[in-house]
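Structure first, then comments.
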Amino acid sequence: MITGKIKDERVAIIEVEVIGLNQREKIEATLDTGFTDYLTLPEFLIDYLKLPRIGTRRTIIAHGRAVFLNLYLAKVIWHGKERDIEVLQTDKQPLIGMSLLRGSRLTLDVVPDGDVTIAPLP
């Protein structure tokens with residue numbers, strides 16, 4: 001089970017380990033159920049992890065505007081196992097999207113310092 005906390009009464013945060021070519025880094029990421037891809041990371045983390053770039057992806061951002069974002073490959077530790085994922089480069093805080101959450105049960109206690117749990121579905 002993956003656990004985290006509710007911060008500022010409205011933001012669900014978990015820690016996830018991201019694996020690049022020669023580096024590993026545990027990062028705090030915000031759960032974003034409106035984001036349909038796997039993970040976003042800022043450029044400095046992508047550079048630090050030496051993630052291989054595989055192209056660009058057209059993405060619709062929060063205000064409905066279409067943008068092209070650089071696309072990378074990474075691995076994450078998810079439910080205790082390495083999982084290959086795609087990472088979009090943004091200039092914002094890391095976000096975890098619905099593609100990474102797929103196959104999981106997400107439970108949020110939406111109160112100050114509330115619990116966040118992500119459990120694998122059978």
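The values are calculated or read from the model by the stated rules, or taken from the named source; none is laboratory data. Since we're looking at a predicted model, the values are computed, not measured. Glycine also receives a Cβ, built like all others from the backbone with ideal geometry; neighbour counts cover every protein chain displayed. Note: accessible area is taken over every heavy atom of the protein model, side chains too, but ligands, DNA and RNA are not part of it. Shrake-Rupley method; radii C 1.70, N 1.55, O 1.52, S 1.80 Å.
General remarks:
- Restricting the range 31-43 to residues that are in contact (Cβ under 8 Å) with a residue 60 or more places away in the chain and either among the acidic types (Asp, Glu) or not in a loop (DSSP other than H, G, I, E, B) (or both), the residue that is nearest to ASP91 (Cα to Cα): LEU39
- For the range 80-98, the candidate set comprises residues that are open to solvent by 50 Å² or more (accessible area, probe 1.4 Å) and either in contact with a Ser or Thr (Cβ under 9 Å, 6 or more places away or on another chain) or polar (S, T, N, Q) (or both); within that set, the residue that is farthest from GLU25 (Cα to Cα) is MET98.
- Exactly one residue out of VAL67, VAL11 is of a type in the set (Val, Ile, Thr) and modelled with pLDDT under 95: that is VAL67.
- Screening the candidates ILE27, ILE46, ILE19, ILE13 for the property of being farther than 24 Å from ASP109 by Cα, open to solvent by less than 50 Å² (accessible area, probe 1.4 Å), touching a residue at least 60 places away in the same chain (Cβ under 8 Å) and among the aliphatic types (A, V, I, L, M) yields one hit, ILE19.
- In the range 109-116, the count of residues that are of a type in the set (A, V, I, L, M), open to solvent by less than 40 Å² (accessible area, probe 1.4 Å), in a strand (DSSP E or B) and out of contact with any helix residue (DSSP H, G or I) (no Cβ under 7 Å at 6 or more places or on another chain) is one or more.
- Note on the range 51-64: residues that are loosely packed, with under 12 Cβ neighbours inside 10 Å, closer than 13 Å to GLY97 by Cβ and in contact (Cβ under 8 Å) with a residue 12 or more places away in the chain amount to 1.
- For the range 70-79, a residue qualifies if it is open to solvent by 30 Å² or more (accessible area, probe 1.4 Å) and either under 12 Å from the mean Cα position of the chain (by Cα) or at negative phi (or both), and the qualifying residues are ASN70, LEU73, LYS75, ILE77.
- Taking the listed residues ILE14, ILE46, the one that is within 16 Å of the chain's Cα centre (by Cα) and assigned to a helix (DSSP H, G or I) is ILE46, with no other qualifying.
- Test result for VAL67, free of Cβ contacts under 8 Å to residues at least 12 places away in the same chain, among the β-branched types (Val, Ile, Thr) and either part of a strand (DSSP E or B) or closer than 15 Å to GLN93 by Cα (or both): yes
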